[in-house]
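The values are calculated or read from the model by the stated rules, or taken from the named source; none is laboratory data. Just so we're clear, the structure is a prediction, and the values are computed from it rather than from any experiment. Note that we place each Cβ from the backbone using ideal geometry, even for glycine, and neighbour counts take in every protein chain shown. For the accessible areas, the whole protein counts, side chains as well, though only heavy atoms, and no ligand, DNA or RNA atoms are used. Shrake-Rupley method; radii C 1.70, N 1.55, O 1.52, S 1.80 Å.
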Amino acid sequence: MDDLIANLMVFFMRKDGKEMMAMLWAQQIMLGKKTYEQVPRLLKVKVKEILVDSGMEDLAEEG
């Protein structure tokens, strides 16, 4: 249920809002507070791009 709510929120955000949310998720992953698997489906591509650009592509793996 939480995943559905998160995805709906992301879906209705403007483009700049999605960018900021992706940056926040990437930061939380880099700090070890969240995992890539926890990222809402609609943000995964952008979060992965940010992690790769930051040299932390190993954190953008599922499983």
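For region 1-43, which positions are out of contact with any Lys or Arg (no Cβ under 9 Å at 6 or more places or on another chain), modelled with pLDDT under 95 and open to solvent by less than 60 Å² (accessible area, probe 1.4 Å)?
The answer is Met13, Gly17, Pro40.
Quick check on my filter: what residues within region 28-47 are under 21 Å from Ile5 (Cα atoms) and in a helix (DSSP H, G or I)? Even if it seems obvious, please write down each step before you answer.
Narrowing region 28-47 to residues under 21 Å from Ile5 (Cα atoms): 28-29, 33-47.
The answer is Gln28, Ile29, Tyr36, Glu37, Gln38, Arg41, Leu42, Leu43, Lys44, Val45, Lys46, Val47.
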